[in-house]
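Undergrad: Below is one structure. I have some questions about it.
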Amino acid sequence: MNIRRATEDDYEAVVELTSDIWTDRGGDYLPDVYHEWLEDGPGEGKKTFLAEVDGDVAGIVQAVMLSADEAWFQSMRVSSDHRRQGVSQRLNEALFEWAREQGATVGRVMIFSWNTASFAAARTAGFEPRTEFRFAHVEPDSDATAPADYSVSSDPTAAWRYWTHSDAREHLAGLGLAPEESWAMRELTREDVETFANETAVFAVEGESGRAGTAYRTRIYDRQTDDGETETWAEYGVGAWDDVDAARALFAAIARDGATVGADRTRVMIPETATFVTDAAYAGAGLADEPDFVLEIGLSTTT
């Protein structure tokens with residue numbers, strides 16, 4: 001088995017590798033994003049590893065540095081012809097070694113809750129459960145209004161102070177969606193919140209009793225529908241609140257923001273707990289059908 005860096009020339013082989021993956025869910029997304037997903041070259045905090053067995057492409061995975069010491073591992077794929085042959089183990093070894101060389105002390109992965117086949121593989125590789133989340137969907141609306149006695153500002157200090165004492169932060173282990181990479185999570189910092197306030201958007205909910213909720217916008221992106229049309233999405237890296245009325249105030253602010261940036265749809269990452277999920281539904285948000293899990297592994301030199 002040979003582990004090397006994946007290149008543009010591997011595209012057709014990767015298409016073949018993924019041809020029988022998730023066929024009951026419309027197929028694998030990797031061939032559609034491969035060329036933009038692949039890193040341009042070494043030295044940019046990202047590396048894609050490809051496994052070959054007797055010259056055939058047997059697996060692929062990517063590592064991304066999201067901060068000075070946090071690595072994100074994504075899109076692990078193993079050919080159906082080479083499963084249970086140690087391919088994922090060798091790819092993980094390459095990931096861990098590269099991430100440590102970049103200074104990472106922790107690595108994380110995200111697994112869709114329906115992808116049960118990946119659970120045992122991740123645990124076998126040493127990953128431990130960290131948190132789970134779900135996406136809520138708020139309809140963009142320039143006229144959305146908050147409940148009485150609630151206001152929403154863009155004050156990063158108020159947003160950060162709420163986050164540091166929130167149930168959402170505790171459940172999510174301090175993680176939010178990363179601005180550096182889609183479908184990735186890392187620990188949020190005060191500097192992040194200040195950057196979001198200056199470059200995207202930050203929301204700080206205030207009620208009669210004080211701080212009551214927060215969110216931030218991660219990115220705006222276009223996505224093609226099954227009908228071939230293009231939709232604009234606004235993504236919000238976390239949604240946190242004290243109660244249903246605070247959630248309504250926060251969602252109203254997100255609805256207005258989504259309309260302002262021209263979004264057709266939004267998604268807001270929220271903690272996967274009975275309270276947050278049912279609060280979101282009660283407050284009028286739509287919900288993704290299933291949650292996603294985040295697992296992590298320590299990457300110290302003594303691991």
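Undergrad: When you check GLU208 against the structure, is it without any contact (Cβ under 8 Å) to a residue 60 or more places away in the chain, among the acidic types (Asp, Glu), touching a Leu at 6+ places or on another chain (Cβ under 8 Å) and closer than 21 Å to VAL152 by Cβ, yes or no?
TA: Judged against the criteria, GLU208 is not a match.
Undergrad: Between LEU38, LEU66, LEU91, which is at pLDDT 95 or above, under 20 Å from GLU181 (Cα atoms) and out of contact with any Pro (no Cβ under 6 Å at 6 or more places or on another chain)?
TA: Every option except LEU66 fails the conditions.
Undergrad: Can you find a residue in the range 153-176 that is over 15 Å from PHE251 (Cα atoms) and at pLDDT below 95?
TA: Checked the range 153-176: no residue is over 15 Å from PHE251 (Cα atoms) and at pLDDT below 95.
Undergrad: Related question: Determine whether PHE119 is of a type in the set (Phe, Trp, Tyr) and at pLDDT 95 or above.
TA: When the stated conditions are applied, PHE119 does not pass them.
Undergrad: Being of a type in the set (D, E, K, R) and either under 17 Å from the mean Cα position of the chain (by Cα) or over 24 Å from ASP226 (Cβ atoms) (or both) is the requirement here; does ASP24 meet it?
TA: Criteria not met by ASP24.
Undergrad: Of these, ALA215, ALA263, which one is over 22 Å from LEU188 (Cα atoms) and surrounded by 22 or more Cβ atoms within 10 Å (Cβ to Cβ)?
TA: Result: ALA263 is the single residue among ALA215, ALA263 that is over 22 Å from LEU188 (Cα atoms) and surrounded by 22 or more Cβ atoms within 10 Å (Cβ to Cβ).
Undergrad: To continue, here is another question. What are the residues in the range 10-35 that are closer than 12 Å to GLN62 by Cβ and open to solvent by 30 Å² or more (accessible area, probe 1.4 Å), if any?
TA: VAL33
Undergrad: Quick one: GLU44 ticks every box in (1) open to solvent by less than 40 Å² (accessible area, probe 1.4 Å); (2) assigned to a loop (DSSP other than H, G, I, E, B); (3) modelled with pLDDT under 95 bar one, so which box is it?
TA: Answer for GLU44: the failing condition is (1).
Undergrad: Among TYR150, TYR236, which is under 21 Å from GLY258 (Cβ atoms), buried (at least 20 other Cβ atoms within 10 Å of the Cβ), of a type in the set (Phe, Trp, Tyr) and over 21 Å from the mean Cα position of the chain (by Cα)?
TA: Answer to the selection: TYR150.
Undergrad: Scanning the range 95-136 for residues that are under 27 Å from TYR282 (Cα atoms) and surrounded by fewer than 17 Cβ atoms within 10 Å (Cβ to Cβ), which turns out nearest to the chain's Cα centre (by Cα)?
TA: PHE112
Undergrad: Okay, moving on. Give me the pairs, please: first residue somewhere in the range 251-273 and touching a residue at least 12 places away in the same chain (Cβ under 8 Å), second residue anywhere and open to solvent by less than 10 Å² (accessible area, probe 1.4 Å) and not in a strand (DSSP E or B), beta-carbon distance under 6 Å, and either six or more positions apart or on two chains.
TA: Within 6 Å, the pairs are THR266/GLY258; ILE270/ALA280; PRO271/ALA168; PRO271/LEU172.
Undergrad: Picking from ALA197, ALA246, which residue would you name as being open to solvent by 10 Å² or more (accessible area, probe 1.4 Å), among the hydrophobic types (A, V, I, L, M, F, W, C) and assigned to a helix (DSSP H, G or I)?
TA: Criteria check complete, one pass: ALA197.
Undergrad: Still on this structure, I have one more. Of all residues in the range 265-285, which are more than 20 Å from the chain's Cα centre (by Cα) and assigned to a loop (DSSP other than H, G, I, E, B)?
TA: Of everything in the range 265-285, those that are more than 20 Å from the chain's Cα centre (by Cα) and assigned to a loop (DSSP other than H, G, I, E, B) turn out to be ALA283, GLY284.
Undergrad: Name every residue in the range 71-85 that is touching a residue at least 60 places away in the same chain (Cβ under 8 Å), closer than 30 Å to THR218 by Cα and open to solvent by 10 Å² or more (accessible area, probe 1.4 Å), in order of residue number.
TA: GLN74, ARG77
Undergrad: Within the group VAL57, VAL33, VAL15, which residue is aliphatic (A, V, I, L, M) and part of a strand (DSSP E or B)?
TA: From the options VAL57, VAL33, VAL15, the qualifying one is VAL57.
The values are calculated or read from the model by the stated rules, or taken from the named source; none is laboratory data. Computed from a prediction, not measured in an experiment: that's the story for all the values here. FYI the Cβ positions are ideal-geometry reconstructions off the backbone, even for glycines, and counts take in every protein chain you see. Heads up: the accessible areas ignore ligands, DNA and RNA and are worked out on the full protein's heavy atoms, side chains in. Shrake-Rupley method; radii C 1.70, N 1.55, O 1.52, S 1.80 Å.
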